[in-house]
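Student: After the structure tokens below, expect a handful of questions from me.
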Amino acid sequence: MRDLIERIRDFNRERDWEQFHSPKNLAMCLAAEVGELIEQFQWLTEQQSHDLGPARRAAVEEELGDVALCLLNLADKLGIDVLDAAGRKLEKNKAKYPVHEAKGRADKYTELG
């Protein structure tokens, strides 16, 4: 992960793009890239979303790459370790969604119990 973040930094530095990469702009970039990922699934049935053909799968992979690059760029700009943040969030979610209450349910934690 650290190697990828350094490669992202180098990529941005070589193009003098750091000037455009405020947290606000990177968050907007992330939202736009997530929208492009969502577009790949628009109008698909549930089953079709599981069984992507080669071309669609390649497009999804590319969009996931864009999302990851934007996310890592934003986290790096803010000094946040994404893996640590995700691990902490998972632990919070375990507490909010105990297995005995949440198993097999899609309800928000406020609706459990």
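Student: With a 1.4 Å probe and every protein chain left in place, work out the accessible area per residue of region 49-113 in Å², rounded to a whole number. Provide the component values of the computation, followed by the final result.
Tutor: Numbers: 4860 Å² over 65 residues.
Per residue, region 49-113 has an accessible area of 75 Å².
Student: Probe 1.4 Å, all protein chains in place: accessible area of Leu74 in Å², nearest 10?
Tutor: In the full protein context, Leu74 sits at about 30 Å².
Student: Continuing with this model, one more query. So what's the net charge close to Leu71: Lys and Arg +1, Asp and Glu -1, counting the other residues with Cβ under 13 Å from its Cβ?
Tutor: Local net charge: -4.
Student: Determine the sum of side-chain charges near Lys94: Lys and Arg each +1, Asp and Glu each -1, restricted to other residues whose C-beta is under 13 angstrom from that of Lys94.
Tutor: +3
Student: Which angle from 0 to 90°, rounded to the nearest 10, does the C-alpha axis of helix 23-39 make with the longest principal axis of the chain?
Tutor: Rounded to the nearest ten degrees, it is 60.
Student: Another question, then. What area, in nm² and to one decimal, does the C-alpha convex hull of the chain cast on average over all directions? Show your work: numbers first, answer last.
Tutor: Numbers: hull surface 38.8 nm².
Taking the Cα atoms of the chain, their convex hull projects to 9.7 nm² on average.
Student: For the chain, what does the helix formula give at 222 nm: sum of -39500 (n - 2.57) over DSSP H segments with n ≥ 4, over the residue count, nearest 500 deg cm²/dmol?
Tutor: -22000 deg cm²/dmol
Student: Report, to the nearest whole %, how much of the accessible area of region 72-113 belongs to carbon and sulfur atoms, 1.4 Å probe, protein only.
Tutor: Here carbon and sulfur together make up 54 percent of the probe-accessible area.
Student: Students sometimes get this wrong: rank Cys29, Cys70 by accessible area, probe 1.4 Å, all chains present, largest first.
Tutor: Putting Cys29, Cys70 in descending order of accessible area: Cys29, Cys70.
Student: On to the next question. Could you work out what % of the accessible surface of region 25-67 is carbon and sulfur, using a 1.4 angstrom probe and leaving DNA, RNA and ligands out of the count?
Tutor: The C+S portion of the solvent-accessible surface of region 25-67 is 57 percent.
Student: Between Val60 and Asp10, with labels modelled 7 Å along Cα→Cβ, what's the label distance in nm to one decimal, could you check?
Tutor: So the two model labels end up 3.1 nm from each other.
Student: Still on this structure, I have one more. What does the extension gain come out to for Tyr97 and Asp81, with contour length at 0.36 nm per residue minus their alpha carbon separation?
Tutor: Separation in residues times 0.36 nm, less the Cα-Cα distance, equals 3.4 nm.
Student: Related question: For q values of 0.28 Å⁻¹, compute log₁₀ I(q)/I(0) with the Debye formula on a Cα-only model of region 8-47, without solvent.
Tutor: -0.92
Student: I would also like to ask the following. With charges only on Cβ, +1 for K and R and -1 for D and E, what is the dipole size of the chain about its Cα centre, in debye, rounded to 20?
Tutor: On the way: 17 positive and 22 negative charges, 111 e Å.
Dipole about the Cα centre, nearest 20: 540 debye.
Student: In degrees from 0 to 90, rounded to the nearest 10, what is the angle of the helix 2-14 Cα long axis to the longest principal axis of the chain?
Tutor: The helix 2-14 is inclined about 40 degrees to the chain.
Student: Another question, if that's okay. Determine which lysines satisfy two conditions relative to Lys92: a Cα distance under 24 Å, and not lying fewer than 8 residues away in the same chain.
Tutor: Lys103, Lys108
The values are calculated or read from the model by the stated rules, or taken from the named source; none is laboratory data. Source: prediction; values computed, not measured. Methodologically, a virtual Cβ is constructed for each residue, glycine included, from the backbone with ideal geometry; neighbour enumeration extends over all protein chains shown. Ligands, DNA and RNA are stripped out before the accessible areas are found, and what is left, the full protein with its side chains, is counted by its heavy atoms. Shrake-Rupley method; radii C 1.70, N 1.55, O 1.52, S 1.80 Å.
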